[in-house]
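To start, the structure itself, in structure tokens.
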Amino acid sequence: MTKRKWLVQTAVVLTASMMLGACSGNNGTNGGNTNTPPPAAGEGNTSESGGEGTRSVGGLTLPIAQDKLELTLWSPSGGNFRGTDFNEKHSFQKMEENTNIHIAFQHTTEASAEAFNLMMSSGQLTDIIYSDVWGTEATKYGNWGALLPLEDLLAEHAPNFSKILDENPDIRGQITSPEGHIYYLPNLALASEDLTQMFPQIRQDWLDKLELPMPETTDDWYETLKAFREQDPNGNGSQDEIPLVTVSLENIMFLFAPAFGVEYGFFVDNGEVKYGPADPRFQEVVSYLRKLYDERLLDPNYLVDNTFQSLTEKVTTDKAGAWFGWSGSYMGNFTTLMEGKHETFKISPVLPPKGPNGDQRHASFRWQAAAHGLAVSSQTPNPVEVVKWLDYQYSEEGILLNNFGVEDISYELVDGEPVYKEEVTHPSNGLTNTQELLNHTIGGGSWATVADPRYAEQIRIANGQTENPLELYSDFLDFDAKMPPVQFTTEESDITVPLMADIQTFVAETVNAMIMGRGAVEDYASVITQMEQMGINQVLEQYQAAYERFKSQS
């Protein structure tokens, strides 16, 4: 496979004046002395390789520091983690033992743009910073001087990550800025089955009860959802079924927009970058969703019931018929929660629907290098140790810790393969297995490491999914149409970020209003005209330039 992926994230709006404040302070171990430059590469508390009591992990010498060293790291804690500090996870405890580096985590409870903005504008940057928008934002912060360019440090001090780049050269282009710098280390998916993300899911037992086939086209979906609404598939004698539920408009767009030849965000059409809502074909998507909403086939409360908890309640109270979501936290957890409570409950994956003009593709998949990962503050007094600690995350040992935890605590080796213990896959403490696993480790898909496919496979099987649903979508992944993780120059970013902040808000408000009947779908041409007046064509010019640059680097 010569092309890879990521999901284009919403840009974080941050003024240059705020960033200047962020660059003026530091909460690292130098006591916040901003007049003291960071030491040159090779200086600091670096352990000499080959010394007594040291060992090599893929060429990286452990321990990293001879004397205990503390590094600071900012990161959201995540909704499924029930603790207060990642050091409660056994994996990070073992990592500290192996590297002799203690990570002082600074957590926020929400992975929100507001929390990220607040941290970046606080003037108190940690040594290491997690973000899920580095794929689009790292270059901007790097150019502003907040982030450390890593390419030279990686070449000298990161043998494990460097090996991955050498073996997968496409990745380098996905994380390299227009100026040639690497400002963050991403989560990586090197196995093809890990590229698909969310997918359509439907109540198979409802289909069976009503003797309905699996929907294949957008027309089939309409007829299926209509049957769910009218024919009482949950059998309680009340018309309380909600045929199609969602936590966001974006998820519904992932499901249906590609069937009409477009996407909700940026995509590529025969080499030309386009913005879905500014494409005339998008009117067909809005019209289709308006029809579903008018007939109460789409959850009438989709705009306000936008939490995973509200969706879970609708599924586990036997009211929801279909949705678009993840394999483990949706399909797997719902199956586990209903085990022993509902005799026939069964969820099946659905292939992407074919549209009226024959369009059929799956849009929710990623490139090898994700947008989320870890960046390094330019103010850190320990750049070498930071880079070595980051490199450890990509070593075989670090990958195992990040995906499975600590041997004999959360997993055991069986014939040389890591296998989760029963108390992880089938917890008896009231937690889902995903929540229990996150008591032990960070999770391979959400950290600057390599996602191990055995991690997802075992959780899937524990949740009763003997087959891998993600394998169904391989024939529907079109990397030529998927907008790659382009990085913008400062000038390009200065144009795209402020314009898209207003355009995205306008699109969300207008499209939701039209779906709910507060606007005429027939007037959608005027919506496109408004976007043109707001500068969408200028934005597309910047995206096209970045796309062409990306193609030349790959």
Given (1) more than 20 Å from the chain's Cα centre (by Cα); (2) modelled with pLDDT of 95 or more; (3) outside any helix (DSSP H, G or I), number of the condition Gly340 does not satisfy: (2)
Inter-residue pairs, beta-carbon under 6 Å, first farther than 14 Å from Pro352 by Cα and in region 313-326, second among the polar types (S, T, N, Q), 6+ apart: Asp318/Asn234
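Small (Gly, Ala, Ser), surrounded by 22 or more Cβ atoms within 10 Å (Cβ to Cβ) and either at pLDDT 95 or above or assigned to a loop (DSSP other than H, G, I, E, B) (or both): does that describe Ser91?
yes
Check Thr425, Thr449, Thr432 and return the single one that is under 30 Å from Tyr183 (Cβ atoms) and touching a helix residue (DSSP H, G or I) at 6+ places or on another chain (Cβ under 8 Å). Walk me through how you get there before you give the answer.
Details: Thr425 fails: under 30 Å from Tyr183 (Cβ atoms); Thr432 fails: under 30 Å from Tyr183 (Cβ atoms).
Selected residue: Thr449, the only one of Thr425, Thr449, Thr432 that is under 30 Å from Tyr183 (Cβ atoms) and touching a helix residue (DSSP H, G or I) at 6+ places or on another chain (Cβ under 8 Å).
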Residues of region 379-398 classified as of a type outside the set (Asp, Glu), at pLDDT 95 or above and either surrounded by fewer than 22 Cβ atoms within 10 Å (Cβ to Cβ) or over 21 Å from the mean Cα position of the chain (by Cα) (or both), total: 11
Counted residues, region 66-88 - those being of a type in the set (D, E, K, R), within 20 Å of Asn382 (Cα to Cα) and assigned to a loop (DSSP other than H, G, I, E, B): 2
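Buried (at least 21 other Cβ atoms within 10 Å of the Cβ), farther than 21 Å from Tyr130 by Cα and touching a residue at least 12 places away in the same chain (Cβ under 8 Å): is that true of Ile442 in this structure?
Against the criterion (buried (at least 21 other Cβ atoms within 10 Å of the Cβ), farther than 21 Å from Tyr130 by Cα and touching a residue at least 12 places away in the same chain (Cβ under 8 Å)), Ile442 does not qualify.
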Scope region 355-370; condition buried (at least 22 other Cβ atoms within 10 Å of the Cβ) and not polar (S, T, N, Q); matching residues: Gly355, His362, Ala363, Phe365, Arg366, Trp367, Ala369, Ala370
Val245 being hydrophobic (A, V, I, L, M, F, W, C), surrounded by 20 or more Cβ atoms within 10 Å (Cβ to Cβ), touching a strand residue (DSSP E or B) at 6+ places or on another chain (Cβ under 8 Å) and at pLDDT 95 or above: yes
Residues of region 500-527 satisfying the condition of being crowded, with 17+ Cβ neighbours inside 10 Å and not polar (S, T, N, Q): Met500, Ile503, Val507, Val511, Met514, Ile515, Gly519, Val521, Tyr524, Val527
Selection from region 141-167 of residues that are in a helix (DSSP H, G or I), farther than 26 Å from Leu60 by Cβ and in contact with a strand residue (DSSP E or B) (Cβ under 9 Å, 6 or more places away or on another chain): Tyr141
Residues of region 525-554 classified as touching a Phe, Trp or Tyr at 6+ places or on another chain (Cβ under 7 Å) and aromatic (Phe, Trp, Tyr), total: 1
Residue in region 493-513 that is touching a residue at least 40 places away in the same chain (Cβ under 8 Å) and in a loop (DSSP other than H, G, I, E, B) present: no
Any hit, region 136-149, residues being touching a helix residue (DSSP H, G or I) at 6+ places or on another chain (Cβ under 7 Å), without any contact (Cβ under 8 Å) to a residue 60 or more places away in the chain and not aromatic (Phe, Trp, Tyr): yes
Within region 229-292, strands (runs of 3 or more DSSP E) holding 1 or more residues that are among the aromatic types (Phe, Trp, Tyr): 266-269, 272-275
Any hit, region 326-336, residues being outside any helix (DSSP H, G or I), on the phi < 0 side of the Ramachandran plot and not basic (Lys, Arg): yes
Total residues in region 302-319, condition within 22 Å of the chain's Cα centre (by Cα), polar (S, T, N, Q) and assigned to a helix (DSSP H, G or I): 3
Test for Ser348: is it of a type in the set (S, T, N, Q), surrounded by fewer than 20 Cβ atoms within 10 Å (Cβ to Cβ) and part of a strand (DSSP E or B): yes
Close pairs (9 angstrom Cβ cut-off, 6 or more residues apart or separate chains): at positive phi and at pLDDT below 85 in region 450-468, not charged (D, E, K, R) and not in a strand (DSSP E or B) anywhere: Gly464/Gly332; Gly464/Thr335; Gly464/Thr336
Scope region 528-548; condition of a type outside the set (Gly, Ala, Ser), modelled with pLDDT under 95 and either touching an Asp or Glu at 6+ places or on another chain (Cβ under 7 Å) or surrounded by fewer than 17 Cβ atoms within 10 Å (Cβ to Cβ) (or both); matching residues: Glu548
Test: residue in region 101-110 that is over 15 Å from Thr72 (Cα atoms), surrounded by fewer than 23 Cβ atoms within 10 Å (Cβ to Cβ) and in contact with a Pro (Cβ under 9 Å, 6 or more places away or on another chain): yes
Some residue of region 115-134 being assigned to a helix (DSSP H, G or I), crowded, with 17+ Cβ neighbours inside 10 Å and among the small types (Gly, Ala, Ser): no
Output for region 413-466, where each listed residue is touching a Pro at 6+ places or on another chain (Cβ under 7 Å) and either part of a strand (DSSP E or B) or charged (D, E, K, R) (or both): Glu436, Arg454
Region 365-381, subset assigned to a loop (DSSP other than H, G, I, E, B) and touching a helix residue (DSSP H, G or I) at 6+ places or on another chain (Cβ under 9 Å), residue farthest from Tyr183 (Cα to Cα): Arg366
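The values are calculated or read from the model by the stated rules, or taken from the named source; none is laboratory data. No experiment lies behind these values; they were computed from the predicted model shown. Here Cβ is always computed from backbone atoms with ideal geometry, including for glycine, and neighbour counts include all displayed protein chains.
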